[in-house]
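One structure is given here, and the rest of the page talks about it.
The values are calculated or read from the model by the stated rules, or taken from the named source; none is laboratory data. Only a predicted model underlies this, so the values are computations on that prediction, with no experimental measurement involved. Here the Cβ positions follow ideal geometry from the backbone for every residue, glycine too, while neighbour counts run over all protein chains shown. Accessible surface areas use protein heavy atoms only, side chains included; no ligands, DNA or RNA. Shrake-Rupley method; radii C 1.70, N 1.55, O 1.52, S 1.80 Å.
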Amino acid sequence: MPAKSGKVFGIVNPATGETIAEAADAGAADIDIAVKAASQAQKSWKTLHPRERGRLVGECGRLLAAHSEEIARLVALETGKALRTESRVEAGVLADVFTFFGGLGGEIKGETVPFKTESLTITQREPLGVVGAIIPWNVPLMLMALKIAPAMVAGNAVIVKSAEEAPLAVLRACQIMNQVLPAGVLNILSGDGPGAGGPLVAHKGVNKVTFTGSVETGKIVYRAAAEKLIPVTLELGGKSPMIVMGDADLDKAVAGAITGMRFTRQGQSCTAASRIFIHSSLHDAFLSKLKAKVDAMVMGDPLDEKTDIGAIISVPQFDKVKSYIALGEVDGTAHRCSALPTDPKLAKGLFVQPVIFTGVSNDHPGLPRRDLRAGHGTDQIRRVRGCAGPGQRHRVRPRRLDLDQGSADRARRDPAARSRRRPGQPEHGGAGQHVLWRREELRPRQGSLARIHARALHDQEDHHLQPGLSAAF
């Protein structure tokens with residue numbers, strides 16, 4: 001439906017520069033309508049048997065699978081991600097997530113507490129109510145699914161605020177799901193952060209917020225949620241290093257770097273391995289193999305089956321990437337890879353050659369791009385890596401697991417790392433527990449459904465990944 005203001009904004013295909021559609025520009029009045037609809041629908045939705053809720057969510061997955069190619073082509077058009085390497089994969093994950101969480105409907109169970117022998121003490125899990133989900137543009141389908149599928153199975157109604165750069169595929173996905181879901185359980189609005197995201201977080205009828213985006217915007221969301229004393233889940237950007245040990249399998253490490261660097265997503269990922277620390281004995285060979293692999297990747301039309309690498313999402317993002325490359329070229333060695341497309345219809349597209357930097361200092365302002373550095377041992381790498389700030393994912397590539405076990409042991413003994421954990425949080429760095437349920441009198445238990453949901457919702461607020469604990473082997 002149109003926005004109450006009647007305003008719209010254009011959706012641009014980043015591969016061609018053409019406006020391909022218009023979307024309603026939602027504001028506070030539209031948010032209010034959505035919240036009221038969700039609140040009303042949630043009253044009956046929460047009373048539905050959990051297995052029935054799971055069945056309906058699972059049916060959403062089956063419908064989405066039937067429309068996966070249509071959805072994949074939409075996300076390729078609006079994000080510039082290649083259909084074969086990225087968009088089709090994401091559309092498949094979208095369906096899988098709903099199918100998976102639909103199967104957990106029968107696992108929503110309370111617990112008994114041995115409080116007194118002469119009394120029976122039980123807990124009953126209750127849905128929070130209305131959950132607001134704010135999603136980014138880089139993987140909009142997957143992140144929407146991971147936020148809303150468990151929330152709906154748990155008995156919550158949801159309101160999705162899509163990214164203004166990429167609202168089409170998620171809008172179509174919600175349209176498909178609303179063929180089977182009761183009216184008002186799933187709602188979606190398009191618009192920017194200040195106009196739609198801010199009013200959604202601040203609305204008194206919203207009982208929880210889950211947000212994926214930048215650190216600075218996450219702070220704004222966190223403060224607004226704190227004003228209402230509601231739970232919030234944040235998945236924010238950060239630096240994610242990869243470490244290649246001296247005994248690593250070189251071919252496997254290079255393959256892992258290709259995937260980890262997210263070249264097929266044009267590097268636009270909060271979990272991208274934006275810096276790689278390589279043992280000095282492997283550095284030159286690793287760089288040679290990595291560059292050869294990236295050179296072989298085809299950049300072009302996202303809808304072409306031959307394309308590996310697509311376009312940057314928007315002009316502001318394009319300009320930012322180019323500025324980082326220019327900074328890196330000042331005092332680092334830039335290895336440009338692949339080749340820009342030559343098709344005339346892509347002449348206005350936002351295409352950037354992948355660039356691998358070597359010889360860049362750790363405090364260089366251009367460091368967030370792809371960066372390789374040599375090191376002689378884990379202590380040296382740990383000192384440099386420690387300056388990177390928060391990260392989403394750490395990758396370690398030894399041939400034997402025990403080579404990095406010392407790092408893991410030191411992380412467990414580190415008082416600073418332990419101080420970041422709140423009471424009751426597992427030592428291995430579990431995510432926040434109270435994301436979907438009001439629970440009283442019980443400490444969270446590792447492996448509980450609440451924990452599964454918390455991890456699926458990507459709660460990074462307290463999830464500090466420790467060296468050696470999130471290795472990819």
Among 205, 213, the single one that is more than 24 Å from residue 336 (Cα to Cα) and at pLDDT 95 or above is 205
Quick check on residue 263: is it among the aromatic types (Phe, Trp, Tyr) and modelled with pLDDT of 90 or more? no
By residue number, the members of the stretch 256-307 that are in contact with a Ser or Thr (Cβ under 9 Å, 6 or more places away or on another chain) and over 20 Å from residue 137 (Cβ atoms) are 258, 260, 273, 275, 283, 287, 294, 295, 296, 297, 298, 300
Residue hits (the stretch 280-302; closer than 25 Å to residue 343 by Cα, of a type outside the set (D, E, K, R) and open to solvent by less than 50 Å² (accessible area, probe 1.4 Å)) are 294, 297, 299, 300, 302
The lone condition residue 163 fails out of (1) touching a Leu at 6+ places or on another chain (Cβ under 7 Å); (2) under 30 Å from residue 83 (Cβ atoms); (3) not acidic (Asp, Glu) is (1)
Requested in this report: Can you confirm whether the stretch 65-85 contains a residue that is surrounded by fewer than 21 Cβ atoms within 10 Å (Cβ to Cβ), not β-branched (Val, Ile, Thr) and not in a helix (DSSP H, G or I)?
Outcome: yes
Within the stretch 1-39, residues among the β-branched types (Val, Ile, Thr) and open to solvent by less than 70 Å² (accessible area, probe 1.4 Å) come out as 11, 12, 16, 20, 31, 35
Test: residue in the stretch 40-58 that is out of contact with any Pro (no Cβ under 6 Å at 6 or more places or on another chain), within 22 Å of residue 142 (Cα to Cα), among the aliphatic types (A, V, I, L, M) and surrounded by fewer than 17 Cβ atoms within 10 Å (Cβ to Cβ) | no
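Condition check ((1) over 14 Å from residue 354 (Cα atoms); (2) assigned to a helix (DSSP H, G or I)) across all residues:
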residue	(1), (2)
273	no, no
284	yes, yes
292	no, yes
297	no, no
301	yes, no
312	no, no
Of the residues in the stretch 231-260, those that are aliphatic (A, V, I, L, M), over 22 Å from residue 86 (Cα atoms) and in contact (Cβ under 8 Å) with a residue 40 or more places away in the chain come to 232, 234, 243, 244, 245, 248
Taking the stretch 191-228 and the residues there that are within 21 Å of residue 46 (Cβ to Cβ) and in a loop (DSSP other than H, G, I, E, B), the one that is most open to solvent (accessible area, probe 1.4 Å) would be 204
Here the qualifying pairs (Cβ atoms under 9 Å; residues six or more apart or on different chains; first in the stretch 340-358 and hydroxyl-bearing (Ser, Thr, Tyr); second modelled with pLDDT of 95 or more and open to solvent by less than 20 Å² (accessible area, probe 1.4 Å)) come out as 342/300
Can residue 331 be described as more than 19 Å from residue 78 (Cβ to Cβ) and over 19 Å from the mean Cα position of the chain (by Cα)?
yes
For the stretch 293-316 the number of residues that are within 16 Å of residue 87 (Cα to Cα) and not basic (Lys, Arg) is 15
In the set 188, 258, the lone residue that is open to solvent by 10 Å² or more (accessible area, probe 1.4 Å), on the phi < 0 side of the Ramachandran plot and not in a helix (DSSP H, G or I) is 188
Considering residues that are in a helix (DSSP H, G or I) and either open to solvent by 10 Å² or more (accessible area, probe 1.4 Å) or in contact with a Phe, Trp or Tyr (Cβ under 8 Å, 6 or more places away or on another chain) (or both), the number found within the stretch 153-172 is 4
* Asked: Is it the case that the stretch 268-279 has a residue that's open to solvent by 30 Å² or more (accessible area, probe 1.4 Å) and touching a Lys or Arg at 6+ places or on another chain (Cβ under 7 Å)?
  -> no
Practice task
Considering every residue within the stretch 173-180, establish whether at least one is part of a helix (DSSP H, G or I) and farther than 20 Å from residue 64 by Cβ.
Solution key: no
Of the conditions (1) out of contact with any helix residue (DSSP H, G or I) (no Cβ under 9 Å at 6 or more places or on another chain); (2) more than 23 Å from residue 179 (Cβ to Cβ); (3) in a loop (DSSP other than H, G, I, E, B), the single one that residue 47 does not satisfy is (2)
